[in-house]
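Here, each number is a calculation from the coordinates, and none is a lab measurement. Predicted model, so just to flag it, every value in this text is computed and none were measured. Virtual Cβ from ideal backbone geometry, glycine too; neighbours counted across all protein chains shown.
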Amino acid sequence: MEVLSAKEAAALIQSGQTISVSGNGEMLLPDEVLQQLEQRYLETEQPDQLTLVYNVIPGAQRSGTGIDRFAHKGMVKRIYAGSYYTLKVDRLNTLIAENEVEAYLVPYGALYNMVRSAAAHQPGILTAVGLHTMVDPRMAQNKLTPRTTEELATVQVIDGQEFLFYKALPSDVAIIRATTADEDGNLSLEHEPNSIGILHQAMAAKNNGGIVIAQVSQLAERGSIHPKTVTVPAIFVDYVVLVPEQMKNMPYNPAWTGDIRLPVKQLAPAPLDYKKVIARRAAMELEPGALVNFGFGVSAGVPQIAAEEGIAEQVIFNVEHGPVGGIPNNKEAFGAGVNMMAVMDAHAIFDFYDAGRLDMTCLGMAQIASDGSINVSKVNGKYNLGGFIDIVHATKKIVFCGSFTAGQLHVAIENQAIRIIHEGRHKKFVRELAHLTFNGREALKKGQEVYYVTERAVFTLTDKGVTLIEIAPGVELERDILQQMEYRPHIAEELTYMDKRIFSPEKIGLDEAERFAGKQSRRYVR
């Protein structure tokens, strides 16, 4: 192992190479090396024609950082990614809009396994995840530009069952981040909340004749890192870049790493707004002992509701980036959590997602078709998929969460009722989806239980398609619901009001509900 400056490390990368980059927002983000790589390209136009591989988005909080540093014409030829836009990182979408790159949108689970397969010198992966959705080659919505012509996956039939086959994805250079490197190059992550596949990233480069560059906060004496805490062994590390201030934009938080536990009962209640109304209604679908995943955005407010209601200890929350148990974080720190029972590698989490181990998930929704299908992957010309397709593949209960309309929606919550002050500009219940990210017809075949929860109405999926089952107090059915949809949904014969308690500033009493009050749970025992 050799210690280099970030500039020296960036100089090692050659034109035409495949580069794998770690990072989830500010977490595990090797941004000093990426900054020097960008600076080198701006000064010399080298290296160019790179292939970029990343899973969770490196960067997010600071515009121009992380993957944004690759967003220059000619610098990148091809991209394999699970998302192209989140928070303040969005410049790659401009290259896509201008047809300047080949770009593929890949489900997180498949992409992790494409990298793992390359590390093992295997040809690729077979998975049923993504069949009959936008990543199915018969639909081919995951090729994001006209110049993207090569198929990412093929359909294969084994013992009469269809699968998608994704080729392995080796790399020439892996640029990763850790907390500590010892004198041999062993890496530990004691200040990072999760590992999100960096070992396989390193192996996919090193095992295929490439190099691994690790940005770290500190150096340690040989043998001073406990072998059980080494995430990436020195046999997979070539160069180390020392950046003591690498965590200045998101400092080490001992609660996120599991070094301390927080008193959840002291969390301040979320303000009563339409997002809390949606999260509360979704939380009413929770069951004791359930293993429950949450997505980014409105749905990620459900764990806080569970904490406020005193039932968080009876539900096992999980997000695909690693935390199992505890309370997942939201927004800038999404992917971390507090009071976890364990932190798994994301690659392993997708294994049990694919197997149908999840009892329930709460996810966002951008567009909803009459057959219950969903688009979340293409919204206003920006692409963001993440683990969505993997998560919904085999989960028993799916609760989609989101506002009824979008764009300057203004809602008042008064006297345990909803009042629409200003309707959103964009309808979400539409005749035609921009992308087919979730296939409602396939969900019915699988026997999945599906709900669509908004601030003014709740729908479920039946053989008649999207079916209205609840409306909020204060809402007019025709004006506030049906006229704001591009199609007329089926309406349940016993249409009911949403529970008035979810529109009240007081607790809604989930801890007193029969199923939770009994304290019967499949939850682990301390």
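Some notes on this structure:
- Remark: Arg222, Arg91 ranked as Arg222, Arg91, counting other beta-carbon atoms within 10 Å and listing the fewest first.
- When the C-alpha to C-alpha distance is required to be over 22 Å, the pairs from Lys382/Lys427; Lys331/Lys446; Lys248/Lys378; Lys275/Lys500; Lys397/Lys445 that qualify are Lys331/Lys446; Lys248/Lys378.
- Shape analysis of the range 272-345 yields a ratio of the Cα radius of gyration to the Kirkwood radius, Rg/Rh, of 0.93.
- Alpha-carbon centroids, the range 416-485 and the range 36-71: separation in whole Å: 39 Å
- Nearest-ten-degree value, helix 108-119 long axis tilted from longest Cα axis of the chain: 20 degrees
- Farthest positive-ward along the range 262-420 dipole, Cα basis, beta-carbon charges - from Ile418, Ile311, Ala300: Ile418
- Relative contact order of the chain: 13 percent, from C-alpha pairs under 8 Å at least 6 residues apart in sequence.
- Database remark: amide H of Ile57 closer than 5 angstrom to the amide H of Gly25 (H placed geometrically; neighbours at sequence offset of 5 or more, or on other chains; Pro and chain starts carry no H).
- Over all orientations, the range 1-155 has a Cα convex hull whose mean projected area works out to 9.7 square nanometres.
- Listed residue (Pro30, His132, Pro254) projecting farthest to the positive dipole end of the chain, Cβ model: His132
- From phi via Karplus (6.51, -1.76, 1.60), per-residue ³J(HN,Hα) for the range 25-41 in Hz, x at Gly/Pro: x, 7, 6, 6, 8, x, 6, 5, 5, 5, 4, 5, 5, 4, 4, 4, 5
- For the range 407-414, the Karplus equation 6.51 cos²θ - 1.76 cosθ + 1.60, evaluated at θ = phi - 60°, returns couplings of x, 6, 5, 10, 10, 9, 10, 9 Hz by residue, with Gly and Pro reported as x.
- Reach of Lys206 by Cα under 25 Å, taken over lysines that are not fewer than 8 positions away in the same chain: Lys7, Lys77, Lys167, Lys228
- Fraction of the pair-distance distribution of the range 23-112 above 22 Å, Cα-Cα pairs, percent: 19 percent
- Taking the fewest neighbouring Cβ atoms within 10 Å as the starting point, the ordered list for Phe296, Phe459 is Phe296, Phe459.
- Burial order of peptide ranges 61-68, 15-22 (average beta-carbon count within 10 Å, highest first): 15-22, 61-68
- Taking every C-alpha pair closer than 8 Å and separated by at least 6 residues, the mean separation divided by the residue count of the range 166-294 gives a relative contact order of 26 percent.
- Rg [Å, one decimal], Dmax [Å, integer] - the range 131-236, C-alpha atoms: 19.0, 56
- The local environment of Met134, defined by Cβ-Cβ distances under 11 Å, has a net charge of +2 under the rule Lys, Arg +1 and Asp, Glu -1.
- Net length gained if the chain between Gln266 and Glu45 were fully extended (0.36 nm per residue, minus Cα distance): 74.3 nm
- Kirkwood analysis of the range 343-450, using all unique Cα-Cα pairs, places the hydrodynamic radius at 15.4 Å.
- Taking every C-alpha pair closer than 8 Å and separated by at least 6 residues, the mean separation divided by the residue count of the range 281-414 gives a relative contact order of 24 percent.
- Semi-axes of the equivalent ellipsoid for the chain, Cα gyration tensor, largest first, Å: 39, 27, 21
- In terms of other Cβ atoms within 10 Å, Asp345, Asp371 run from fewest to most in the order Asp371, Asp345.
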